[in-house]
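> Quick one: structure below, then a few questions.
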2 protein chains.
Amino acid sequence: MLYLVGLGLSDETDITVKGLEVVKKASRVYLEAYTSILLVDQAVLEKYYGRSVTIADREMVESNSDEILRDAQTEDVAFLVVGDPFGATTHTDIVLRARELKIPVRTVPNASIMSGIGACGLQLYNFGQTVSMVFFTDSWRPASFYDRVKENRAIGLHTLVLLDIKVKEPNLESMARGRIVYEPPRYMSVGTCARQMLEVEEDRKEGAYGPDSLAIGAARVGGKEETFVAGTLKELCDADDKLGPPLHSLVLLGNRTHELEHDFVREFAIDKDNWDRIWKEQYHTQ
Amino acid sequence: MLYLVGLGLSDETDITVKGLEVVKKASRVYLEAYTSILLVDQAVLEKYYGRSVTIADREMVESNSDEILRDAQTEDVAFLVVGDPFGATTHTDIVLRARELKIPVRTVPNASIMSGIGACGLQLYNFGQTVSMVFFTDSWRPASFYDRVKENRAIGLHTLVLLDIKVKEPNLESMARGRIVYEPPRYMSVGTCARQMLEVEEDRKEGAYGPDSLAIGAARVGGKEETFVAGTLKELCDADDKLGPPLHSLVLLGNRTHELEHDFVREFAIDKDNWDRIWKEQYHTQ
C-alpha cells in the first residue's frame, strides 16, 4: 500500500493520529520537500517519529518514482507531504503511476494552506481560483497569474496567492564549472509578491487591481506564531518586518464581502482608518 | 484560551496530535455538531478522548456562546469542529465574541472538505467559489447557487457543491401541538443534488450546465470507504447506490482542464466511453 500522508502546516505535532500510526508502521518513509516545507527540520521529524526519513526531492519524485513505489504491492510505503497530499499536482502523478503498478493507495488528509487561510477571517466560499507567484528574474517574469486574478476580481472573489519557494537550486556559475553547489533556500515574502503584482499591473494596465487594493499578508499559517497583516498592496510592499520569517502567503480581496469579514480582518490592518475608508468606497458588503 | 480544534473529515483518529493534546488538557470540551458530522458517534469520540464532550447545537453556538466562553480568560476551552475550524461562518462569530471578552484564541487546523476534495483528482487551483445546496421544499427552492456556478463555469472553473445536512430539526406537527420532537437526521445525497441542479437549469435556461455536463459525486471523503463516481449530471441522478452512505459532496467540472485531471478522474467514470466523448467535445485540456 502507498500511503500519502498530509503533515499539515506547521510542526511535527500537526500530523494526525492516523497519519502517525502509518508512519510508525511503514517499511519506508519519504518526505516530499520541494513544493512546501514545515517550520521544523527533518531531524525534528525523525526524532518525533522514532525513525529515519528519506528526503524526496523534485528529481526523485518526478523521474525516479518507481524507487519510492518499490515493493509497495506487498509492503507499506509512506509518502509524507506538507499540507494536504493533493495540494500539488506532483502527487496526482505518483498516484497514477501506482495505479499502473497495481499498488493500492490510501490518503491521510490534513490541513492545506488552501483551507487554513480561512484563519485570516475571509470566508473560504468567497475565494476564486488560487494562483502562484514565482520569483521574477530579469528575463523571466511570468504573468499568467494576472489573468486569473482579473477573472476572480471581475466576479468579486478573493484570490489566494501562493508564494515561490526555492530549495536545492543549483548555483549556475558552479554548474558551468562542472561542480554542483546548491544555493541556500529562498522563500518569497509578501513584500516581494506585492511589488511584483504592482509591476505587472503597471505593464498591463488592465485594472485588475492597484496600489490601493486591499490585501492580507499571512505568515506561518497554522503555527503558534501565525501572523496576519492587512493593508493596501502598497502598504504590504513594506510590511515584511511585521510579518516575520517564512512561509508567507498573500490574499487579494474581492469586493463581494461579508460584514463578518470586515469585522474580523480590520483587527489586522496596518492603518485602520485607511482600511475603513477604502473598504467603504470599493468593497461592498452583501 | 479558546482553542478551535479541527477534527478532520472521517473518524476519531483524524484529529492531529496537537489537537488531541488540547482536548485532553482543556477544562471543558464542546463539539459543534450541526454544520457537519464525523462518520463516527459522539460516544466513540468520548471513549477515545477519555472524557465527556458537550454537544453544541446551533442554538447554543449562535445564542449562548458566552456559556461556551465562560472563564476562558483563565481556563482552556476546546471547541471541536468537524473539518477545519474556519470552514463555516459560525466560527468566525465565536472568535469575534472571544476578542470582545479579551479571550485569547488559538486554532488547530485540519483537513477540510474544501481541500480534501482534491482526492477526486481535480486540481484544487482550478476550483472557483464553493456553493451550498439545501433541500428544496414545495415553497422554498433557493437558487442563488446557480449564479455562482454560472460565474465559475464562464471562466472554466470547477465548483464544489456542499450538500445540506439536517440535524436536530423539530417536527413541525408536534411543535404545533406544543411538544418538541426532533426529526431523524437527513443528509443530502448526490442524486438529490443533481436532480435539484437540473430542475433549476430547466427553470432558468441560462445554460450554466445541462444533463450532459460532467460531474463527480464524492462520498465519505478522507475515510476508509471514500468513494468517487464520475458521470454526467443525468447519470449522477441515479448513482446513489454506487456512492453508498453519507456524507456526499458534488463537483461540477469546469471546462478548463489539465490532462492529469482527465487521466485521474476517468477511473471513476460510470460510463467511460460516454465520459471520453463528452470530455473531448466540451472540455478542452490546457
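> Can you put B:193, A:237 in order, fewest other beta carbons within 10 Å first?
Listed from fewest to most nearby Cβ atoms, that is A:237, B:193.
> From the helices alone, meaning DSSP H stretches of at least four residues, give me the mean residue ellipticity at 222 nm for chain B, per-run term -39500 (n - 2.57), in deg cm²/dmol to the nearest 500.
Mean residue ellipticity at 222 nm (helix-derived): -9000 deg cm²/dmol.
> Provide the net charge surrounding residue B:216, with neighbours chosen by a C-beta distance below 13 Å and charges set as Lys +1, Arg +1, Asp -1, Glu -1. Could the numbers behind the result be given before it?
Details: positive: B:242, B:266; negative: B:226, B:235, B:261, B:267.
Within the 13 Å Cβ shell, the charges total -2.
> Using 1/(1 + (r/R0)^6) with R0 = 51 angstrom and r between the beta carbons of residue A:238 and residue B:13, what's the FRET efficiency to the nearest 0.05? Intermediate values should be presented prior to the final figure.
On the way: r = 45 Å, r/R0 = 0.88.
So the FRET efficiency works out to roughly 0.70.
> Would you work out which of B:31, B:6, B:104 lies farthest towards the positive end of the dipole of the range B:2-111? Charges go on Cβ: Lys and Arg +1, Asp and Glu -1.
The residue sitting farthest along the positive end of the dipole is B:104.
> Working out 0.36 nm times the residue gap between residue A:202 and residue A:180, then minus their Cα-Cα distance, what length gain in nm do you get to one decimal?
Using 0.36 nm per residue and subtracting the Cα-Cα distance, I get 4.1 nm.
> Quick one: which residues, 5+ away or cross-chain, put their amide H under 5 Å from the amide H of residue A:255? H built at 1.01 Å from N.
Excluding prolines and chain starts, which carry no amide H, the hits are A:156, A:157.
> How much of the DSSP beta bridge set in the range A:2-111 is antiparallel, as a percent to the nearest 5?
Working: 1 of 18 bridges.
For the range A:2-111, the DSSP antiparallel bridge percentage is about 5.
> Something else about it: Applying the Karplus parametrisation 6.51 cos²θ - 1.76 cosθ + 1.60 with θ = phi - 60° to the phi angles of the range B:147-153, what ³J(HN,Hα) value in whole Hz is obtained for each residue in order, glycine and proline being reported as x?
Karplus values, whole Hz, x for Gly and Pro: 5, 6, 4, 4, 4, 4, 5.
> Residue B:67 label points, 7 Å along Cα→Cβ, one per copy: pairwise distances from this copy to the rest in nm, shortest first?
6.0
> So for B:275, A:140, fewest C-beta neighbours within 10 Å to most, what's the order?
A:140, B:275
> List B:134, A:5, B:221 from most exposed to least, where exposure is judged by having the fewest other Cβ atoms within 10 Å.
Numbers: B:134 16, A:5 26, B:221 23.
Ordered from fewest to most neighbouring Cβ atoms within 10 Å, B:134, A:5, B:221 come out as B:134, B:221, A:5.
> In straight Cα distance, which lysines are under 18 Å from residue A:272, not counting same-chain residues fewer than 8 positions off?
A:234, A:242, A:280
> Further question: Whole-Hz Karplus ³J(HN,Hα) for the range B:162-169, in order, using 6.51 cos²θ - 1.76 cosθ + 1.60 and θ = phi - 60°, x for Gly and Pro?
Here the 3J(HN,Hα) series is 8, 9, 4, 10, 10, 10, 6, 8 Hz.
> Right, another one. For the range A:230-286, max minus min Cα coordinate along each principal axis, in Å, sorted largest first?
35, 20, 17
> One decimal, nm, shortest first: give the distances between the label point of residue A:205 and those of the same position in the other copies, each label point 7 Å from Cα along Cα→Cβ.
Spacings between copies for this position, smallest first, are 4.5 nm.
> Now for a separate question. Treating the point 7 Å from Cα along Cα-beta-carbon as the label, what are the nm separations from residue B:183 to the other copies, to one decimal?
Here the equivalent label points are 5.9 nm apart from this one.
> Out of A:90, A:184, A:167, whose Cα points farthest toward the positive end of the dipole of chain A (charges: +1 Lys, Arg; -1 Asp, Glu; placed on Cβ)?
Ranked along the dipole, the leading option is A:90.
> Suppose every Lys and Arg Cβ carries +1 and every Asp and Glu Cβ carries -1, with no other charges. What dipole size does the protein assembly as shown come out with about its Cα centre, to the nearest 20 debye?
On the way: 66 positive and 90 negative charges, 99 e Å.
In total the dipole reaches around 480 debye.
> How high is the FRET efficiency between residue A:255 and residue B:255 when r is their beta carbon distance and R₀ equals 30 Å, given to the nearest 0.05?
So the FRET efficiency works out to roughly 0.70.
> Run the dipole for the range A:114-285 about the Cα centre, Lys and Arg Cβ at +1, Asp and Glu Cβ at -1, nothing else charged, and hand back the magnitude in debye, nearest 20.
Values: 21 positive and 27 negative charges, 106 e Å.
Value, rounded to 20: 520 debye.
> Right, something else. Give me the inter-chain shielding for A:77-86: mean count of other chain Cβ atoms within 10 Å, whole number please.
The mean count of partner-chain Cβ atoms within 10 Å per residue comes to 3.
> Would you mind pulling out the separation of the Cα centroids of the range B:1-79 and the range B:140-160, in Å?
Comparing the Cα centres of the range B:1-79 and the range B:140-160, I get a distance of 33 Å.
> Any aspartates and glutamates with Cα under 12 Å of the residue B:102 Cα? List them, leaving off those in the same chain fewer than 8 positions away.
Partners within reach: B:71.
> log₁₀ I(q)/I(0) of the range B:2-111 at q = 0.09, 0.12, 0.23 Å⁻¹, via Debye over equal Cα point scatterers, no solvent, to two decimals?
Here log10 of I(q) over I(0) equals -0.19, -0.34, -1.39.
> Further, regarding this structure: If exposed GluC sites (Glu not before Pro) are those in a DSSP loop with at most 14 other Cβ within 10 Å, what is the longest stretch of chain B that has none?
Within chain B, the longest run free of exposed GluC sites (Glu not before Pro) spans B:76-205.
> Would you grab the residues whose amide H sits under 5 Å from the one on residue B:31? Only those 5+ places off in sequence or on another chain, please, with H modelled 1.01 Å from N.
Amide H neighbours of residue B:31, under 5 Å, 5+ apart: B:54, B:55, B:56, B:80.
> For the range B:99-148, which trypsin sites (Lys or Arg not before Pro) are in a loop by DSSP, counting at most 10 other Cβ atoms within 10 Å?
Filter output for the range B:99-148: B:102.
> Still on this structure, please answer the following. Residue by residue through the range B:41-50, what is 3J(HN,Hα) from phi via Karplus (6.51 cos²θ - 1.76 cosθ + 1.60, θ = phi - 60°)? Round to whole Hz and write x for glycine and proline.
7, 3, 4, 5, 4, 4, 5, 5, 7, x
> Would you tally the net charge around residue B:158, using a Cβ to Cβ cut-off of less than 11 Å, leaving residue B:158 out, and scoring K and R as +1, D and E as -1?
Values: positive: B:153, B:256; negative: B:261.
Result for the local shell: +1.
> Could you tell me the largest-minus-smallest coordinate of the C-alpha atoms of the protein assembly as shown on each of the three principal axes, in descending order and whole angstroms?
Answer, in whole Å and largest first: 88, 59, 53 Å.
> Need the full-extension length gain, residue A:164 to residue A:21, defined as separation in residues times 0.36 nm minus the C-alpha distance. One decimal, nm.
Taking 0.36 nm per residue and subtracting the Cα distance, the gain is 48.3 nm.
> What is the range A:81-177 by shape, rounded, prolate or oblate, if you read a ≥ b ≥ c off the alpha carbon gyration tensor as root eigenvalues and call it rounded for a/c under 1.5, prolate for a/b larger than b/c, and oblate otherwise?
Judged from the Cα gyration tensor, the range A:81-177 comes out oblate (a/c at least 1.5, b/c at or above a/b).
> Which whole-percent values make up P(r) of chain A when all C-alpha to C-alpha distances are grouped in 10 Å steps starting at zero?
6, 26, 30, 23, 12, 2, 0
> Which whole-number percentage describes the relative contact order of the range B:203-255, with Cα contacts under 8 Å and a sequence gap of 6 or more?
41 percent
Rule-based calculations on the coordinates, nothing more; no lab input. Please read these numbers as outputs of a predicted model, since none were measured by experiment. Glycine also receives a Cβ, built like all others from the backbone with ideal geometry; neighbour counts cover every protein chain displayed.
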